[in-house]
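Structure record follows, encoded as structure tokens.
The values are calculated or read from the model by the stated rules, or taken from the named source; none is laboratory data. Note that the structure is predicted; figures quoted are calculated from it, not measured. Every residue, glycine as well, gets a Cβ built from its backbone with ideal geometry; the counts of neighbours run over all protein chains shown. The accessibility values were calculated without ligands, DNA or RNA, using every heavy atom of the protein model including side chains. Shrake-Rupley method; radii C 1.70, N 1.55, O 1.52, S 1.80 Å.
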Protein chains: 2
Amino acid sequence: MRNILIIGAGRSASCLIRYLLKKSHEENFFITIGDLSLESAQKFTKDHPNAKGVLLDIFNEEQRNEAIRSSDIVISMLPARFHMEVAKDCLKYGKDLVTASYISDEMQELDAAVKEKGLVFMNEIGVDPGIDHMSAMDVIDRVRERGGKIILFESFTGGLVAPESDDNLWNYKFTWNPRNVVLAGQGGAAEFIQEGKYKYIPYHRLFRRTEIIKVDGFGKFEVYANRNSLKYQSVYGFNNILTLYRGTIRRVGFSKAWNIFVKLGMTDDSYTIPNSEKLTYRQFVNLFLPYSPTDSIELKLRHYMKIDQDDLIWEKLEELDIFNGKKTIGIKKASPAMALQKILMDKWTLNEEDKDMIVMYHKFGYELDGVKKQLDSNMVIIGEDQVHTAMAKTVGLPVAIASLKILNKEITTPGVLRPISKEVYSPILEELKDYGISFNEYPKKYTGYNPDNVGG
Amino acid sequence: MRNILIIGAGRSASCLIRYLLKKSHEENFFITIGDLSLESAQKFTKDHPNAKGVLLDIFNEEQRNEAIRSSDIVISMLPARFHMEVAKDCLKYGKDLVTASYISDEMQELDAAVKEKGLVFMNEIGVDPGIDHMSAMDVIDRVRERGGKIILFESFTGGLVAPESDDNLWNYKFTWNPRNVVLAGQGGAAEFIQEGKYKYIPYHRLFRRTEIIKVDGFGKFEVYANRNSLKYQSVYGFNNILTLYRGTIRRVGFSKAWNIFVKLGMTDDSYTIPNSEKLTYRQFVNLFLPYSPTDSIELKLRHYMKIDQDDLIWEKLEELDIFNGKKTIGIKKASPAMALQKILMDKWTLNEEDKDMIVMYHKFGYELDGVKKQLDSNMVIIGEDQVHTAMAKTVGLPVAIASLKILNKEITTPGVLRPISKEVYSPILEELKDYGISFNEYPKKYTGYNPDNVGG
């Protein structure tokens, strides 16, 4: 019997484990789930005969060595910064590895050694990164096989609340790590290419440079730019591409309201607020407003942010109860970002019956036989419940399917990889369809940003 | 004969060296000026019998040891990050040290050892920091001696162009390191206290939260907040101070126009622009604007930044020639900040006959015998020429005077210090008057930000 080791039994592991448990009999393997919490490690396995949950601290070298040595393939669902401990042992003991995280520089450095040992270290095989790579390369390779050349690639993903659970003015709830949502876009300007021209948007303007997209049956969404679209030039092999743009999807109107927090400075995570624990929400807001002995915090904010009396943004702010003078932040040494997160979590935490939703949207512009064409493709996945969320499904299933295919030697090309070769993405995309994860394609008239090649 | 070693013969050393050369006969000392460039080291000494310029590389241990060992006191005019090499040798060989830089954590750590050896390591004794400390503590100590308590302290400094040389719409030229001007305010929110309330301004709002001050004979100036005012609580011993605010002085209207660059993202120093060398000023501007096949860069910028047709800001931008399609940045791997600096240097570099100006303004609010009072004090210094600038004078003279007093054992309290004790600031301020560096004081009605104690 073969052994699969899964390290980390967080929220994203539910669908991964469910898939593998179901296949364990016919495929004849045993699953060991290791986590720092025994309860977490055991919660998905119950009394399944082909699985067990164990206590595993990856910083306990002996424990980690032992667990990895006795497995045939390792799936690391740990936060990205912890993968390297696991990766080094996988290399040492000759085990394949699967992660859903971006390939770090450190991970990339193992490539030659991994190849030499004939191992597969498959990364970036969740949803974003993951399904985005696979679904994009599927179209890109088809265009190339026909002799076409990609001239435009735009790709957007968003983790949102499902329409049936969407009951606030922001049309948003936290379906994933709230901290990442609060800090999104920070750390440098967003860089991309439009019609051959480099474009840069600083963080504090990011949420005012949105674009609108439309998904059949789900209506309109808006998109703000991700930080680094340019690295996809080399990843996808785009030479002289005219437009390259990646972004994050929100419901229309979210970004303009969110920008109020950005402009005030409430998303800053670089310093701590004195006495933050006892600060009321109202006092927190006042930290970012000019002093006045008489004017209300409400009017100061309206004036400072130029919010008209009838602007819906105001209702959005009030809905979050940010002017409450009794509720306190309750976190010691909180940064503004941490305090804001606390306020948002009061209102944006999913209810027990709420479902989440993943939306992905690609635009491909290409030139084929001298004619410019465009193909849009998109995918919408709604979660089953709070355990088998759309996020857990779209992250966990590609990881699970890839892991089994590597175990079964159906994916064999060695190296530190992402799923961009046909050998990898084609069978995985095919199997994902069985789980309702598929893309609708819409041939369009090529628009780009300058279809008539006007001006310069 | 005693020996004074000056390390670093940059622009700020001119008045320092002139002062010491003049005193060298009556005070009986010899000056050695060490610099990486022999030409620089010798340019201020000429054939003076009591001075010589030598080649000195502080990273050459032997050279450095030898130079420090044979001196009686060391003045380091190096950039702040290079002081530690010198400081450690001063400690080793038992030499006093003077710098005009902020005390770094590393420097502070030497305090106990410096005290044990009975040495004086005097830092922060230029203009800002330096004259600001001394002139502020002079008033603060006078208030305290009379039994008063400081409740408000605001302190502003600016390096500007003198009125007689002020001939552009920005009323600004580079009188010091241009790079620092372009990057000013970055690296975290500005923190201060107003009427007992903490206030934070993020970088991208900093230049829109200015205050106006007025200096007799020089008219109005504006002030934007410095990053960290709060550390002055401990430095000046302010307990429960109501208002504590430090800022940078510009001519009125500068900040609102400068904010256009901030909002566009042109002051970002965190990434490099592809092919920056050949980029025209016009193309540089377009990096930060939305793509359009037809609209002009001018109209895109006006619209994006909401600049009215008749707004003077527009004239300021045009004066800088930023829309020029022929001039190129000419710097390889330039960041936006480096490119912007290049554009500004075309227009804001001092002409040969131009003079610079240093403006300093303090506000002291205090409570004495139950009554709230206020005293404003300010200083304006205009440079003599391009060598003996106001900056070189106000940085160099306090350094020079302090150094001689330490050499003469008039300042003896040992430790890693800044000039905030009366023993130090009082004689130095007195002597600075001989060089025209003095403060005018204006008793005022206390205003603060809430004189009537309204609201809460």
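Could you give me the residue pairs with C-beta distances under 7 Å whose first residue belongs to segment B:1-30 and is closer than 16 Å to B:Pro49 by Cα, whose second residue is open to solvent by 60 Å² or more (accessible area, probe 1.4 Å) and of a type in the set (Lys, Arg) wherever it lies, and which are 6+ apart or on separate chains?
Qualifying pairs under 7 Å: B:Asn28/B:Arg2; B:Phe29/B:Arg2.
Condition (residue is in a strand (DSSP E or B), more than 19 Å from A:Asp166 (Cα to Cα) and open to solvent by less than 10 Å² (accessible area, probe 1.4 Å)) applied to segment A:247-261: is it met by at least one residue?
yes
Kindly indicate whether A:Glu298 is outside any loop (DSSP other than H, G, I, E, B), open to solvent by 10 Å² or more (accessible area, probe 1.4 Å), within 14 Å of another protein chain (Cβ to nearest Cβ) and charged (D, E, K, R). Give the steps one after another, and end with the answer.
Details: outside any loop (DSSP other than H, G, I, E, B): yes; open to solvent by 10 Å² or more (accessible area, probe 1.4 Å): yes; within 14 Å of another protein chain (Cβ to nearest Cβ): yes; charged (D, E, K, R): yes.
Spelling it out, A:Glu298 is indeed outside any loop (DSSP other than H, G, I, E, B), open to solvent by 10 Å² or more (accessible area, probe 1.4 Å), within 14 Å of another protein chain (Cβ to nearest Cβ) and charged (D, E, K, R).
Filter segment A:107-119 down to residues that are open to solvent by less than 70 Å² (accessible area, probe 1.4 Å) and under 15 Å from A:His83 (Cβ atoms), then give me how many there are.
Total meeting the criteria: 5.
Evaluate the following for B:Asp452: is it surrounded by fewer than 23 Cβ atoms within 10 Å (Cβ to Cβ) and within 14 Å of chain A (Cβ to nearest Cβ)?
yes
What residue, among those in segment B:430-449 that are open to solvent by 60 Å² or more (accessible area, probe 1.4 Å) and without any contact (Cβ under 8 Å) to a residue 40 or more places away in the chain, is farthest from the other protein chains (Cβ to nearest Cβ)?
B:Asp434
Just to be sure I understand, how many residues within segment B:131-164 are part of a helix (DSSP H, G or I) and closer than 12 Å to B:Phe364 by Cβ? Show your work before the answer.
So the first thing to find is which residues in segment B:131-164 are part of a helix (DSSP H, G or I), and the list is B:131-145, B:163-164.
Among the residues that remain, those that are also closer than 12 Å to B:Phe364 by Cβ are: B:135-144.
Qualifying residue count, segment B:131-164: 10.
Rundown of residues vs (1) touching a Ser or Thr at 6+ places or on another chain (Cβ under 9 Å); (2) of a type in the set (Val, Ile, Thr); (3) part of a strand (DSSP E or B); (4) open to solvent by 40 Å² or more (accessible area, probe 1.4 Å), yes/no style:
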{"residue": "B:Asn171", "(1), (2), (3), (4)": "no, no, no, yes"}
{"residue": "B:Gln186", "(1), (2), (3), (4)": "yes, no, no, yes"}
{"residue": "B:Tyr200", "(1), (2), (3), (4)": "no, no, yes, no"}
{"residue": "B:His204", "(1), (2), (3), (4)": "no, no, no, no"}
{"residue": "B:Arg208", "(1), (2), (3), (4)": "yes, no, no, yes"}
{"residue": "B:Lys214", "(1), (2), (3), (4)": "no, no, yes, yes"}
{"residue": "B:Gly217", "(1), (2), (3), (4)": "no, no, no, yes"}
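Go through B:Ile193, B:Ile260, B:Ile213 for me and flag whichever is closer than 26 Å to A:Thr280 by Cβ and more than 16 Å from the chain's Cα centre (by Cα).
Every option except B:Ile193 fails the conditions.
Scan segment A:370-403 for residues that are crowded, with 22+ Cβ neighbours inside 10 Å and not in a strand (DSSP E or B) and report the count.
16
Can you name every residue in segment B:49-67 that is open to solvent by 80 Å² or more (accessible area, probe 1.4 Å) and hydrophobic (A, V, I, L, M, F, W, C)?
Selection gives B:Leu55, B:Phe59.
Looking at segment B:263-288 only, could you name the residues that are of a type in the set (A, V, I, L, M) and more than 13 Å from B:Phe323 (Cα to Cα)?
Those that are of a type in the set (A, V, I, L, M) and more than 13 Å from B:Phe323 (Cα to Cα): B:Leu264, B:Met266, B:Ile273.
So which residues in segment A:268-288 are within 8 Å of another protein chain (Cβ to nearest Cβ) and part of a loop (DSSP other than H, G, I, E, B), if there are any at all?
Matches in segment A:268-288: A:Asp268, A:Ser270, A:Tyr271, A:Ile273, A:Pro274, A:Leu287, A:Phe288.
Any chance segment B:62-69 includes a residue that's among the acidic types (Asp, Glu), in a helix (DSSP H, G or I) and assigned by TED's automatic domain parsing to the domain that holds B:Ala87?
Checked against the condition, which is being among the acidic types (Asp, Glu), in a helix (DSSP H, G or I) and assigned by TED's automatic domain parsing to the domain that holds B:Ala87, segment B:62-69 yields at least one hit.
Filter segment A:219-231 down to residues that are under 11 Å from A:Gly247 (Cβ atoms) and not aromatic (Phe, Trp, Tyr) and give me whichever is most open to solvent (accessible area, probe 1.4 Å).
Selected residue: A:Arg227.
Mind listing just one residue for me: the one in segment B:1-32 that is part of a loop (DSSP other than H, G, I, E, B), over 19 Å from B:Glu431 (Cβ atoms) and out of contact with any helix residue (DSSP H, G or I) (no Cβ under 7 Å at 6 or more places or on another chain) and, of those, least open to solvent (accessible area, probe 1.4 Å)?
For segment B:1-32, the residue satisfying everything is B:Gly8.
Condition first: of a type in the set (D, E, K, R) and open to solvent by less than 50 Å² (accessible area, probe 1.4 Å). Now tell me which residues in segment A:317-360 satisfy that.
If the condition is that a residue be of a type in the set (D, E, K, R) and open to solvent by less than 50 Å² (accessible area, probe 1.4 Å), then A:Asp321, A:Asp354, A:Asp356 are the ones that fit.
Please enumerate the residues belonging to segment A:410-429 that are farther than 30 Å from A:Val371 by Cα, without any contact (Cβ under 8 Å) to a residue 40 or more places away in the chain and either open to solvent by 60 Å² or more (accessible area, probe 1.4 Å) or within 14 Å of chain B (Cβ to nearest Cβ) (or both).
A:Glu410
Looking at A:Lys363, is it open to solvent by 60 Å² or more (accessible area, probe 1.4 Å), outside any helix (DSSP H, G or I) and either within 13 Å of another protein chain (Cβ to nearest Cβ) or over 19 Å from A:Ala184 (Cα atoms) (or both)?
The answer is no for A:Lys363.
Under the condition of being without any contact (Cβ under 8 Å) to a residue 40 or more places away in the chain and open to solvent by 10 Å² or more (accessible area, probe 1.4 Å), which residue from segment A:96-106 is farthest from the chain's Cα centre (by Cα)?
Here the answer is A:Glu106.
Take segment A:33-48 and flag every residue that is at pLDDT 90 or above and open to solvent by 50 Å² or more (accessible area, probe 1.4 Å).
Listed by number, the residues that qualify are A:Leu36, A:Leu38, A:Glu39, A:Gln42, A:Lys43.
Do we find that B:Lys306 is within 12 Å of chain A (Cβ to nearest Cβ), open to solvent by 50 Å² or more (accessible area, probe 1.4 Å) and not polar (S, T, N, Q) in this structure?
For B:Lys306, the condition - within 12 Å of chain A (Cβ to nearest Cβ), open to solvent by 50 Å² or more (accessible area, probe 1.4 Å) and not polar (S, T, N, Q) - is met.
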